[in-house]
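Quick notes on the structure that follows.
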Amino acid sequence: MELNDHYASFISGSYECVKDAAIGGVPAQRLPKVVETVSEMLSVIQKGGRDAVAEYSRVLDGWGGGDVEMSAEDLRRTGDVLEPALRAALEAGAERTKAFAGLQLQHLQDFETELMPGVVVGQRYIPVQRVGAYLPAGRFPILASAFMTVGVAKTAGVPTVVACSPPTTPTAGNPAVFYSAYLSGVDRAFVVGGVQALAAMAFGHLGEQPMDMLVGAGNAYVTEAKRQLFGTVGMDLLAGPSEVAVIADDTADPVIVAADLLGQAEHGPQSPAALVTTSRDLAVAVIAEVDRQLEDLPTRDIAGPAWRDYGTVYVAEDRATAVELMDVLAPEHLEVITADDAYYQKNLTNYGSLFLGPWSTVAYSDKGITGTNHVLPTGGGARSSAGLSVSRFLKPLTFQRIDRSATMNLAPLVSEISAYEGMEAHQRTADYRIARFGHRAPTEEQP
C-alpha cells in the first residue's frame, strides 16, 4: 500500500514521502511455491475425496481425532468453557453484526414495473443456496469472522451454511471460534483447516453437495486456494494482508494515530499501514510514537517488521491532495481524524470501510462490536469493489413479461440489430413474432 511512480504522476497536488516501505514484491499468496503446492493439493483432494482431506489434516494440522464434524450438542457447548466476559462479548458481536446485516437487507427491495406498455420488468433477490465459511484459528483466532460470514449469510436467507476451522489440538478446534459460529447460526461445523477445508467444501466431500460459494480469510495458502477454486465455486474476495490507513491533520493525537496504525500491523509482518497527513509535525511525531509504542508491545515481532517493511507516511500540501493520495492507496480500513471529517467523508471514494473521528477505531469493527463487516478488499481492490455484505449472498435475478401488444415496439428493433450482426436465428425469433402479430388484431392477446 504505497504510491508507485505511475500513480504518482496523476497526483495534481504536491506531497512528500516522509517514510517509505523498506521492501515490496510479490504477495505471499502468489509465490511460485505456494501456487504449486496448492495446485497439487486441490488435485489430490478432488480425486481422493474425504480420505485425502483427512490425511492432509493429519499431516499438516496434527489431527488425531475421529470424525471432523462437530455434533450439534458439542457445538452448542463450546461456549461453556469460555470465560463469562468473553462469552458475553461474543454474543454482543454476533447480535450486532446480524442486526446491521438485517438493516442492509431491508434496503434491498424486489421490484416490478411496466417499463413501457406491455413490457413488465423486474428483479428478485434470491439467496445463494449453499455457503462454506472458512474461520481462521492460527496464531490469532479471529473470533468475529463467523459473525461476518456465517451470520450475514444466514441473515440473507442462505439455507445451508457450513463452517470449517482448523484443529488447535489433536482432537478439537478453538472453542471460541466454534461458539461464534454457533451464535451465528451455522448449520454444520467441521474441525478441518487450510487448503483441505476449502477443497472439501468446494468438491462436496463433507456430506453436503458442493458449496455454491466460499467466504472467509486465511493465510497465503488459503487465499491461493480460493483463487484457484474460483469458477468452480463463487468467492467473496481474495483478501491479502490486512491494511490500515489514516488521514490526519494537526488536530490529531499522535498517540492515537500510532496505536491505530500498529493495531492493524499486528495482523501479520506483511500488513501495510499508511499515514497521510497535512501536517509535517504530526508525521514526525507519529513516526516517533510508533517506535516508542513498539518498545513494550508484546506483538512487536509482528507489528515491528510490518511497520518497517510496509509502513508509509506522506505529507500532503492540502486536504484535496490528501484525498487524491488516499484514493490511490485505496486501503482496506481507513480512519479519518481531522478538524473536518465531513469533507473527507464526502470526497473520498476508495476504501473498504471508513472510520470517522478520534473515537472510531478499526478494532471496534474487527471484533464485530459495531456490526459492520470486516471482510474487505485489499491490495487496491477498493478502487473497484466493496467488502462482504448481506447483498453478496443474494442474487439480483431479473425477469421480464411481455404482452403481445408490445411486439411491434420490440421485435422490429431486435430484427434490425440482429440482421446487422448476421445472427439469423436471433432475427427469426423476432420476425416470427411480427408475422404472428399481423394475423390478429393488436388488442387481442396471443398466449
task: Within segment 239-266, count every residue that is touching a Phe, Trp or Tyr at 6+ places or on another chain (Cβ under 7 Å) and either surrounded by fewer than 23 Cβ atoms within 10 Å (Cβ to Cβ) or farther than 22 Å from Ile142 by Cβ (or both).
output: 1
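Can you tell me which residue within segment 6-40, out of those that are modelled with pLDDT under 85 and not small (Gly, Ala, Ser), is farthest from the chain's Cα centre (by Cα)? Lay out the reasoning, then the answer.
In the first step, residues of segment 6-40 are kept if they are modelled with pLDDT under 85; the result is 23-31.
Narrowing further to those that are not small (Gly, Ala, Ser): 23, 26-27, 29-31.
Values: Ile23: 26, Val26: 21, Pro27: 17, Gln29: 16, Arg30: 19, Leu31: 22 Å.
If we take residues in segment 6-40 being modelled with pLDDT under 85 and not small (Gly, Ala, Ser), then Ile23 is farthest from the chain's Cα centre (by Cα).
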message: Among the residues that make up segment 183-193, is at least one of them aliphatic (A, V, I, L, M), assigned by TED's automatic domain parsing to the domain that holds Ser43 and free of Cβ contacts under 8 Å to residues at least 60 places away in the same chain?
response: no
message: What's the total number of residues in segment 303-333 that are in a loop (DSSP other than H, G, I, E, B) and either polar (S, T, N, Q) or at negative phi (or both)?
response: 5
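Enumerate the strands (runs of 3 or more DSSP E) found wholly within segment 122-221, keeping only those where 3 or more residues are of a type in the set (A, V, I, L, M, F, W, C).
Values: elements: 130-134, 160-165, 167-169, 188-191, 213-215.
Those strands (runs of 3 or more DSSP E) span 160-165, 188-191, 213-215.
Looking at Gly204, is it farther than 22 Å from Lys98 by Cα, modelled with pLDDT of 95 or more and in contact with a helix residue (DSSP H, G or I) (Cβ under 6 Å, 6 or more places away or on another chain)? Break it down into steps so the answer makes sense when it comes.
On the way: farther than 22 Å from Lys98 by Cα: yes; modelled with pLDDT of 95 or more: yes; in contact with a helix residue (DSSP H, G or I) (Cβ under 6 Å, 6 or more places away or on another chain): no.
The answer is no for Gly204.
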task: Check off (1) on the phi < 0 side of the Ramachandran plot; (2) over 19 Å from the mean Cα position of the chain (by Cα); (3) modelled with pLDDT of 95 or more for Ser353 and give me the number that stays unchecked.
output: (2)
message: Among the residues in segment 276-297, are any in a loop (DSSP other than H, G, I, E, B), more than 21 Å from Gly352 (Cβ to Cβ) and hydroxyl-bearing (Ser, Thr, Tyr)?
response: yes
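Tell me which residues, restricted to segment 222-234, are of a type in the set (A, V, I, L, M, F, W, C) and either farther than 23 Å from Trp63 by Cα or part of a loop (DSSP other than H, G, I, E, B) (or both).
Step one: filter segment 222-234 for residues of a type in the set (A, V, I, L, M, F, W, C), giving 222, 225, 229-230, 233.
Selection gives Leu229, Phe230, Val233.
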message: Which pairs turn up if I take residues in segment 76-94 that are closer than 17 Å to Thr149 by Cβ and look for partners that are of a type in the set (S, T, N, Q) and outside any helix (DSSP H, G or I) with beta carbon separation below 6 Å, at least 6 apart in sequence or on another chain?
response: Ala94/Ser184
Leu237 vs. criteria in a strand (DSSP E or B), within 30 Å of Gln46 (Cβ to Cβ) and touching a Leu at 6+ places or on another chain (Cβ under 9 Å): no
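The values are calculated or read from the model by the stated rules, or taken from the named source; none is laboratory data. Here the structure is a predicted model, which means the values were calculated and not measured. Methodologically, a virtual Cβ is constructed for each residue, glycine included, from the backbone with ideal geometry; neighbour enumeration extends over all protein chains shown.
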